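**Student:** Below you will find the structure I want to go over with you.
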Amino acid sequence: MTFTPWRSLGAGSGLTPATLAETLDGGQAFRWNQTETGSWRGLWLSRCVELRLRGPKLQGRSPVAAPVPSEEMKRYLGLDGDHERACDTLPWRGDSVLAAAMQSFPGLRLLRQPLSETLFGFLLSSAKSIPQIKDACERAASAFGEEIAPRAGLRALPTWERLAEIPEADLRACKFGYRAKYVSGTARFLAEKPDYLAQAEAAPYEEARTMLMKLPGVGGKVADCALLFGAAKGEAFPVDTWIAKVMSERYGLNGWNLEQIATFGRAHFGPHAGLAQQFLFSAARKG
């Protein structure tokens, strides 16, 4: 596969190799892998992009047969907003736990993925590790996705319209397990209401969350992940086992349920609560 020349995407606001790896492969997205040369190759929709750091500079390239504009790369990576200002609004000055987490991953970004694909990935996430979710996504793309670049062996994730046509048993063959019924049910729901996700993305956070939680298998955590990483709803505060443990042990919320923790997170961390969550999540996984 022939790629375009490397193009500068800017300084990346302090990105380090570890932070870039955590941003791309730390549970926000499930279609990024490191190449033999150390660069990162990722897929979304019909896009294929390769990224690398050269000193403080982030560079990107894409297949000649399916080029991706630099501005689209920057938008996906969250490089087109005021990241430093968002970080500065977080309450790290009076929150030593958050401050330490932010120091562990300088420049950590929130990806701005397509909502449709983000929802798909997180519907598969229940009781699965990141490598297992990635494997299920690749199996689905290989079996049912459209080719991205000719003769490149790269395929997009199947659309919800395509998923609505696939028998549940065939989805189970992709190692979806019990999640196959949720994917199948959500696909049929969205096939009947093709504008539903676009309406949710355009709605205020609380309304969007309520809308997503009407889909089969979508609880508060999946809805918040989809909205944070796929709809730029920065106030979303997903609570998984890592965050529940941090909030219990470090913030004194022992015995609180997941919804109570999410409400506290939104109140304590403010309009960029999701960014704080990602810092805390990444630091907890790092240990």
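**Student:** From the list Ala244, Ala232, which residue is under 17 Å from the mean Cα position of the chain (by Cα), closer than 22 Å to Leu275 by Cβ, surrounded by fewer than 20 Cβ atoms within 10 Å (Cβ to Cβ) and among the aliphatic types (A, V, I, L, M)?
**Tutor:** Answer to the check: Ala232.
**Student:** Being open to solvent by less than 10 Å² (accessible area, probe 1.4 Å), modelled with pLDDT under 95 and closer than 16 Å to Leu43 by Cβ: is that true of Ala136 here?
**Tutor:** Values: open to solvent by less than 10 Å² (accessible area, probe 1.4 Å): yes; modelled with pLDDT under 95: no; closer than 16 Å to Leu43 by Cβ: yes.
When the stated conditions are applied, Ala136 does not pass them.
Residues checked against (1) touching a residue at least 60 places away in the same chain (Cβ under 8 Å); (2) closer than 27 Å to Phe120 by Cα:
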| residue | (1), (2) |
| --- | --- |
| Thr19 | yes, yes |
| Ser46 | yes, yes |
| Glu50 | no, yes |
| Val64 | yes, no |
| Ser70 | yes, yes |
| Ala86 | yes, no |
| Thr89 | yes, no |
| Trp92 | no, no |
| Met102 | yes, no |
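**Student:** Could you list, in sequence order, all residues of the range 87-128 that are surrounded by 19 or more Cβ atoms within 10 Å (Cβ to Cβ), more than 12 Å from the chain's Cα centre (by Cα) and more than 27 Å from Gly177 (Cα to Cα)?
**Tutor:** Answer for the range 87-128, where residues must be surrounded by 19 or more Cβ atoms within 10 Å (Cβ to Cβ), more than 12 Å from the chain's Cα centre (by Cα) and more than 27 Å from Gly177 (Cα to Cα): Cys87, Leu90, Trp92, Leu98, Ala101, Met102, Phe105, Gly107, Leu108.
**Student:** Right, another one. So which of Asp195, Asp224 is charged (D, E, K, R) and open to solvent by less than 10 Å² (accessible area, probe 1.4 Å)? Let's see the steps before the verdict.
**Tutor:** On the way: Asp195 fails: open to solvent by less than 10 Å² (accessible area, probe 1.4 Å).
Answer to the selection: Asp224.
**Student:** Identify, please: which residue in the range 178-214 is within 20 Å of Lys128 (Cβ to Cβ) and touching a residue at least 40 places away in the same chain (Cβ under 8 Å) and is, among those, nearest to the chain's Cα centre (by Cα)?
**Tutor:** The extreme case among them is Leu212.
**Student:** For the range 273-287, how many residues are in a helix (DSSP H, G or I) and either open to solvent by 60 Å² or more (accessible area, probe 1.4 Å) or among the small types (Gly, Ala, Ser) (or both)?
**Tutor:** 8
The values are calculated or read from the model by the stated rules, or taken from the named source; none is laboratory data. Keep in mind it's a predicted model, so treat the numbers as computed, not measured. Here the Cβ is made from the backbone with ideal geometry for all residues, glycine too, and neighbour counts use every protein chain on show. Remember, those area values only see protein heavy atoms, side chains included, never the ligands or the DNA or RNA. Shrake-Rupley method; radii C 1.70, N 1.55, O 1.52, S 1.80 Å.
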